[in-house]
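One structure is given here, and the rest of the page talks about it.
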Amino acid sequence: MLQRVAMVTVGLFALIAFVGGAASRSEAQGQASASASGKLSAHWEELTADDFNHGIAQAHGVCVLPFGILEKHGPQLPVGTDLLDVRYAVDQAAQQEYTVIFPAYYFGQIAEAKHEPGTVAYSREIQLNLLQETTDEMARNGCKKIVIVNGHGGNESLLPYFAQTQLNAPHDYVVYVQWGGYDRSKNPLHKDSVDMHAGQTETSNMLIARPDLVHVDRAAQESGADQARVKLPPSVYTGIWWYAKFPNHYAGDGTTASKELGADNMEAWVAAIAEAIRAVKADDESLKLQNEFYDAAKHPNDTKQ
């Protein structure tokens, strides 16, 4: 009996070793094939250290940081919708214009969704400090032109502010911010009159980026209507405005989504990102002017008027 058990055990270990070896050989063959093709991955985390240097050179020092978030997206979309959409768009753009893409980044502004499951909301200090240290580290690794591609509406104040604060201290790199690239109002397929969050546009886009995660049949389970619970003039802002309007963290009608609209949106967004990467590669003035500004800021009284 003991001999039989020993034989079975030896056989099992032999089988594990064979399968493991086959998997390793397959992986090595795949890597060798990719290396032989000469095509570098655009993903930072997939490059070897040596290939990383080649990637930075091929990208002319241009790296992209796709910026998403983790928050509820109605009853029908995953909490990572913004992150998944923006990474899909950047991946597609990198096929048109090579760049090195930073790993998944979701450390932005989403305080207004803290009441919903799955939301990860960092403090304002962490948001700014982490983003600064991230771009500093990217630059230290050769990314002297960093394009932050925004996929989340709640970052539309944060990111220009962050870019502006780069003038507070000298940097040997430039931060650029890019978002959007499609005008939904001009597309005849667009029917959702609200469409601010998890509505027709975002649901359509996810039908292209990750259709396996979309549950259009659930889109009518909650209301995405504006509840307008606070009455203030348009010129007055308060942080609770979003919750006052859309407490379900759903603004629009996801049932009206279509792959056709998503394809149009994504095609336009991808083209805009690729155009931005090309423009940043060709930009030789921003860093010069930035350095000129830093020098002038040391002696403001000497600045010629």
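Values in this text are rule-based calculations from the coordinates and carry no lab data. Just so we're clear, the structure is a prediction, and the values are computed from it rather than from any experiment. Backbone-built Cβ (ideal geometry, glycine too); neighbour counts: all protein chains shown.
The table that follows gives values for the structure above.
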{"quantity": "Sequence-distant residues sharing a close amide H with His43 (under 5 Å, placed H)", "calculated": "Ile101"}
{"quantity": "Ranked list, fewest to most other Cβ atoms within 10 Å of each Cβ, for Cys63, Cys143", "calculated": "Cys143, Cys63"}
{"quantity": "For His152, His54, His249, order by how many other beta-carbon atoms lie within 10 Å, fewest first", "calculated": "His54, His249, His152"}
{"quantity": "Where Rh is the Kirkwood radius over Cα pairs, Rg/Rh for region 92-139", "calculated": "1.10"}
{"quantity": "For region 42-294: Kirkwood Rh in Å [reciprocal of mean 1/r, alpha carbons]", "calculated": "19.1 Å"}
{"quantity": "Residue-by-residue Karplus 3J(HN,Hα) for region 287-293, coefficients 6.51, -1.76, 1.60, Hz, glycine and proline x", "calculated": "5, 4, 5, 4, 5, 4, 4"}
{"quantity": "Ordering of 230-242, 199-211 by packing [mean C-beta count within 10 Å, highest first]", "calculated": "199-211, 230-242"}
{"quantity": "Residues with amide H under 5 Å from that of Ile148, placed H, sequence gap 5 or more", "calculated": "Leu65, Tyr176, Val177, Gln178"}
{"quantity": "Rounded to whole Hz, the Karplus (6.51, -1.76, 1.60) HN-Hα couplings of region 244-250, x for glycine and proline", "calculated": "5, 8, 10, x, 7, 6, 8"}
{"quantity": "30 Å Cα-Cα threshold exceeded, pairs from Lys144/Lys298; Lys39/Lys72; Lys114/Lys281", "calculated": "Lys39/Lys72; Lys114/Lys281"}
{"quantity": "Beta bridge orientation in region 42-294: antiparallel %, DSSP, nearest 5", "calculated": "10 percent"}
{"quantity": "Cα-projected label distance for Glu133 with Asn301, points at 7 Å along beta-carbon direction, nm", "calculated": "3.9 nm"}
{"quantity": "222 nm mean residue ellipticity, helices alone, for the chain (DSSP H n ≥ 4; -39,500 (n - 2.57); rounded to 500)", "calculated": "-15000 deg cm²/dmol"}
{"quantity": "In order through region 254-267: 3J(HN,Hα) via Karplus (6.51 cos²θ - 1.76 cosθ + 1.60), integer Hz, x for Gly, Pro", "calculated": "x, 5, 8, 5, 8, 5, 4, 5, x, 5, 4, 4, 5, 4"}
{"quantity": "Fewest-first sequence of Asp85, Asp91, Asp226, Asp172 by Cβ atoms within 10 Å of each Cβ", "calculated": "Asp172, Asp226, Asp91, Asp85"}
